[in-house]
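Here the structure is laid out as structure tokens; the discussion comes afterwards.
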Amino acid sequence: MSKEEKKVNRRDFLFTASYTIGAVGVGAVIWPMIDQMNPDKAQQALATTEVDISNIEPGKSITVLWRGKPIFIKKRTSEEIAEARAVKLDDLPDPQKDEDRVKDGKDEWLVMLGVCTHLGCVPLKDKGDFNGWFCPCHGSHYDVSGRIRKGPAPTNMEIPKFEFVDSNTIKIG
Amino acid sequence: MSEHEYVPKSKAAKWFNDRLPLLTLGAHLTDYPTPKNLNYWWTFGGILTFCLITQIVTGIVLAMHYVAHADLAFASVEHIMRDVNYGWLIRYIHSNGASMFFLAVYIHIFRSLFYGSYKSPREVIWIIGLMIYLLMMAAAFMGYVLPWGQMSFWGATVITNLFSAIPLVGDSITTWLWGAYSVDNPTLNRFFSLHYLIPFLILGLVVLHIWALHVPGNNNPVGIDIKKPSKDTVPFHPYITIKDAFALLVFMIIFAGFVFFTPNVLGHSDNYIPANPLVTPAHIVPEWYLLPFYAILRSVPDKLGGVILMFGAIFILFVLPWLDTSKVRSAVFRPIYRQFYWIFVFNVLMLGYVGAMPAEGIYLVLARVGTIYYFAHFIIVMPVVGLLEKTDPVPMSISEPVLTGGAEPSLARKINDKV
């Protein structure tokens, strides 16, 4: 054994090179098989939606579909805004100011993904202990700013990317 | 295994068997020495095979009429119910068949738990069985999505969102599973594909399950190792086949009772409302066979924690053979464990009940107690009782307590009581 000192020879090199090329080849085949399950171009094409908000009365909300998910658009009254801003950040499981959840100067408009951050159900409006939304599936309570207050949901309802095209139209996405 | 080598009688059969020994396999399955004291709890293996074949046959037929598209799926299921000849019968057999499949598999699993069938040398049989059980749950869940009713849609939403609890990559995984930004047509399409695939994976695992079973042979109600073949065994055919056939007949009567008299009692009426991504039903419940795990999920006031405990409740079963420290297999001879066993059965039934109730008040308390006990049974009770318990004397052979009943009459009676 000691006489024939083990050293790297041609065969070892060929083995290593073959395994490496083989692994790269397998990876190159597996990745398309995995990635084909990601959202396709048709799904990605649905990325933006424009909504007319001129008919919404203060205190009322509408629900529109964006990327297969409901978007809540609520025109809040000044009392509701005041209520949302009176909450102490320490009382929130996922602390976030109401100001950070709306567009500057458009404080009455709350635009958020109407999807419970627990397991994806659609919360019911004007329900729950905090004058906001209540998810019937597993009992998460959200306040008038869509922030989680009580229940199993880990975070506030998500604010999607959106902008005001003009004073009566918003573009989501 | 039969001692003698099988030789086919006819020349043609011998020619074939020399090239592919299928007839030898058939002879092995026929002669297979089986413990003579197997009770009716042992007939569920055959019943489960029947259930699998029923689901595959009815499923293939339904796929000839079903359309896996979000706009057409609901209508195509109604088309099966109203227009297709005997479509209502085939669909009701398939949908109730899933429930009957789970009923049988739960009895089969609890049989194993009582008689210690998961213990050495049968751990691999047990683990393959659990893999079958996991695949059954996946197949049943995806199958329930296919009619594209309200419960289909929201059940799919809740279950796929479980994966979003995974830190960092959760949302990407969920989107990948959906093939969209919510449960949508791509999701339905892939679920149909996988729902068609999984039964055949199960079929393959069933072959391995039976193969692994035929290495050590069946466990039995007294849970002792027996010599095979011997006075303690009978050939599989005709002794066990006829017993299995009788049990299967009784099972089919119950099955037919559901199909013909209350075909929708195990389903949820909301699934006859087409899927609507804007409205969540007031009260989402999974199918009855998933309720205990659903109760565990909801009992934890933390998203990730709930998901971990729910999957943990299933995966802890995989290490069960190593958590049970008792040398004695059958609970017939384990007076303490036997009581904990029935508490455990009751606990699982209770979890199933609270899983169907709203997650609030007393139900939430019961779910939490039940969840803690569920895990305590495996992590504390099984190892500790196995070490401390004084077991009853175990007979030397199956024939002993029956034939020499005078020596241990109480023992013989105890065994007869259990069967």
Solvent exposure, largest accessible area first (probe 1.4 Å, DNA, RNA and ligands not counted), of B:H214, B:H79: B:H79, B:H214
Spatial separation of Cα centroids for the stretch B:1-46 and the stretch B:165-234, in angstrom: 26 Å
Anisotropy class of the stretch A:1-153 from Cα gyration tensor, a/c 1.5 cut: prolate
Prolate/oblate/rounded call for chain B, Cα gyration tensor, a/c under 1.5 rounded: oblate
Cβ-Cβ FRET estimate between B:N276 and B:I314, R0 fixed at 41 Å, reported to 0.05: 0.85
Shielding by partners, peptide A:136-146 (average Cβ within 10 angstrom, other chains): 3
Within the protein assembly as shown, helix-based [θ] at 222 nm, where runs of 4 or more DSSP H residues each add -39,500 (n - 2.57), nearest 500: -16500 deg cm²/dmol
Reachable lysines from B:K243, criterion Cα separation under 24 angstrom, eight or more residues apart if same chain: B:K36, B:K227, B:K228, B:K231, B:K414, B:K418
Relative contact order of chain B, defined on C-alpha pairs under 8 angstrom at six or more residues apart (%): 22 percent
Exposure of B:F340 as accessible area (Å², to 10), given a probe of 1.4 Å and all protein chains: 60 Å²
Euclidean distance between Cα centres, the stretch B:364-387 to the stretch A:91-116, Å: 42 Å
Per-pair calculated FRET efficiency, R0 = 30 Å: A:D35 and A:V8 via Cβ, rounded to 0.05: 0.20
Anisotropy class of the protein assembly as shown from Cα gyration tensor, a/c 1.5 cut: prolate
Cβ-based net charge around B:F74, under 15 Å, with every Lys or Arg adding one and every Asp or Glu removing one: -3
Between helix B:335-356 and chain B: long-axis angle, C-alpha atoms, 0 to 90°, nearest 10: 20 degrees
Pairwise centroid distance, computed over Cα atoms, of the stretch B:102-136 with the stretch A:133-173, Å: 45 Å
Positive dipole terminus of the stretch A:65-122, leading residue within A:V122, A:L92, A:L65 (C-beta point charges): A:L65
Heavy-atom accessible area ranking, 1.4 Å probe, most first, across A:E158, A:E99, A:E108: A:E158, A:E99, A:E108
Above-threshold pairs, the threshold being 31 Å between Cα atoms, out of A:K60/A:K171; A:K88/A:K127; A:K41/A:K127; B:K9/B:K119: A:K41/A:K127; B:K9/B:K119
Rounded to whole Hz, the Karplus (6.51, -1.76, 1.60) HN-Hα couplings of the stretch A:36-48, x for glycine and proline: 4, 7, 6, x, 7, 5, 5, 5, 5, 5, 8, 5, 10
Exposure rank, largest accessible area first [B:V345, B:V250; 1.4 Å]: B:V250, B:V345
Partner chain coverage, peptide A:38-48 - average Cβ within 10 angstrom: 3
Exercise: per-residue mean of other protein chain Cβ atoms within 10 Å, A:117-127: 5
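The values are calculated or read from the model by the stated rules, or taken from the named source; none is laboratory data. Since the model is a prediction, treat every value here as computed from it, not as a measurement. Cβ atoms come from the backbone with ideal geometry, glycine included; neighbour counts cover every protein chain shown. Calculation scope for accessible area: heavy atoms of the full protein, side chains included, ligands and nucleic acids excluded. Shrake-Rupley method; radii C 1.70, N 1.55, O 1.52, S 1.80 Å.
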